[in-house]
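The values are calculated or read from the model by the stated rules, or taken from the named source; none is laboratory data. Since the structure is predicted, the reported quantities are computational estimates derived from the model, not experimental observations. Virtual Cβ from ideal backbone geometry, glycine too; neighbours counted across all protein chains shown.
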Amino acid sequence: MKKILFVCKGNAFRSRMAEEIFNAKASDGWFAESAGTQPWHRVCENVQKAMREIGINMDIQKPRKFHSDMAKDAYKIIVFSDAITPDLDGIEFIRWDVENCTEENGDCIRKGRDEIKKLVDELVCSLE
């Protein structure tokens, strides 16, 4: 199995959505994980609601803290724009510029979801 690692600041919005969308679309042999450099204590309801709108029921696991061991076996690492760049010891990563949103701003969250979905679709196609 090849892993894609998504990293953002809180692991409560962008990286979690990317993980869930990727895992819903990826072909056999691929999976995604996500983590945050400064993880929140929970995934907000508006993020879960936005994902249900596109047919994905999110795993409601607590946001995870990024640690460098997560990157060691990753095929690709995607870091969202304003995340503190994790310590990757020379490992190449791709930066995606998707706005971070407040948990109350459902419109921003849906816009971000749609951007992430498009980026993940492109990523999945490039891996096939």
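A few notes on this one:
- Some residue of the range 120-127 being in contact with a strand residue (DSSP E or B) (Cβ under 9 Å, 6 or more places away or on another chain), modelled with pLDDT under 90 and over 17 Å from CYS44 (Cα atoms): yes
- Single condition ILE21 does not satisfy, out of (1) closer than 21 Å to LYS2 by Cα; (2) among the β-branched types (Val, Ile, Thr); (3) assigned to a loop (DSSP other than H, G, I, E, B): (3)
- Considering the conditions (1) more than 25 Å from TYR75 (Cα to Cα); (2) under 13 Å from the mean Cα position of the chain (by Cα), GLY36 is excluded by exactly one of them, (1).
- Close pairs (6 angstrom Cβ cut-off, 6 or more residues apart or separate chains): without any contact (Cβ under 8 Å) to a residue 24 or more places away in the chain in the range 65-82, surrounded by fewer than 19 Cβ atoms within 10 Å (Cβ to Cβ) anywhere: SER68/ASP87; SER81/ASP97
- Residues of the range 3-32 satisfying the condition of being modelled with pLDDT under 95 and farther than 19 Å from GLU115 by Cβ: SER27, ASP28, GLY29
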